[in-house]
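A short worksheet on the structure shown next.
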Amino acid sequence: MDALVRLRRLGFRKWYERQLLESHLYLVTCLLGLIAVLSAIELFGARRSAGEAVLAIAVGLGGVWVCLFCWQRYSRILQVAERLGDHAHCPRCDAYARFEIVDGGRALDEAAAGDGDPREVWLRGRCRKCGCEWTL
């Protein structure tokens, strides 16, 4: 589902909460990958055969990949959510997260979330309270 459609359907507050939960799930998964790397080091040190050495190397490489991937996703999702959350106040009446989404930037999409600059993510909002439009 398109991120802009999902954001409009959920509303900004629920979208923001879900982004924070998702990013922290990636952080927990990153820590599990780190545990796999540490376990692989221990397995490699206590190996008794070539098969155990290959298994330890495979577990270690898998853990490194999981750590790197999940850390990148964690930091990207958190940066985008925090950037939009910091600008979710209406400049005229100071209402927080009480706006309709008029338009959004390209990097909000899941496919683009892994590359580019988080500052490319933007939303155009219209306050439900006073009608003011601003760019988040």
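Computed from the coordinates by the stated procedures, all read-outs in this text should not be read as laboratory data. Values in this document were obtained by computation on a predicted structure and should not be read as measured data. Using ideal geometry, Cβ is built from the backbone for each residue, glycine included, and neighbour counts are taken over all protein chains shown.
Residues whose amide H lies under 5 Å from that of Gly104, counting only those 5 or more places away or on a different chain, are Arg124; hydrogens are built 1.01 Å from N in the peptide plane. With K and R counted +1 and D and E -1, the other residues having a Cβ less than 12 Å from that of Arg18 yield a net charge of +2. Among Ser49, Ser75, Ser23, which one shows the biggest mean-square fluctuation in a GNM of the chain, springs joining Cα atoms closer than 10 Å? The residue that fluctuates most here is Ser49. So for segment 1-104, taking the charge dipole from beta-carbon charges (+1 Lys/Arg, -1 Asp/Glu), which of Gly85, Ala36, Ala53 sits furthest toward the positive end? Final value for the positive-end residue is Gly85. Shown here for segment 6-64: trypsin sites (Lys or Arg not before Pro) in loop regions (DSSP other than H, G, I, E, B) with at most 12 other Cβ atoms within 10 Å, namely Arg48. Loop-located chymotrypsin sites (Phe, Trp or Tyr not before Pro) in segment 12-108 (DSSP state not H, G, I, E or B) with no more than 16 neighbouring Cβ atoms inside 10 Å do not occur. GNM on the chain, C-alpha springs below 10 Å: top fluctuator among Gly105, Gly33, Gly125? Ranking Gly105, Gly33, Gly125 by mean-square fluctuation puts Gly105 first. Remark: segment 81-95, residue by residue, has Karplus-estimated 3J(HN,Hα) of 4, 5, 5, 5, x, 5, 10, 8, 8, 5, x, 8, 10, 6, 6 Hz, where x stands for each Gly or Pro and the curve is 6.51 cos²θ - 1.76 cosθ + 1.60 at θ = phi - 60°. Helical runs assigned H by DSSP (4 residues or longer) give the chain a calculated mean residue ellipticity at 222 nm of -20500 deg cm²/dmol, each run adding -39500 (n - 2.57) before division by the residue total.
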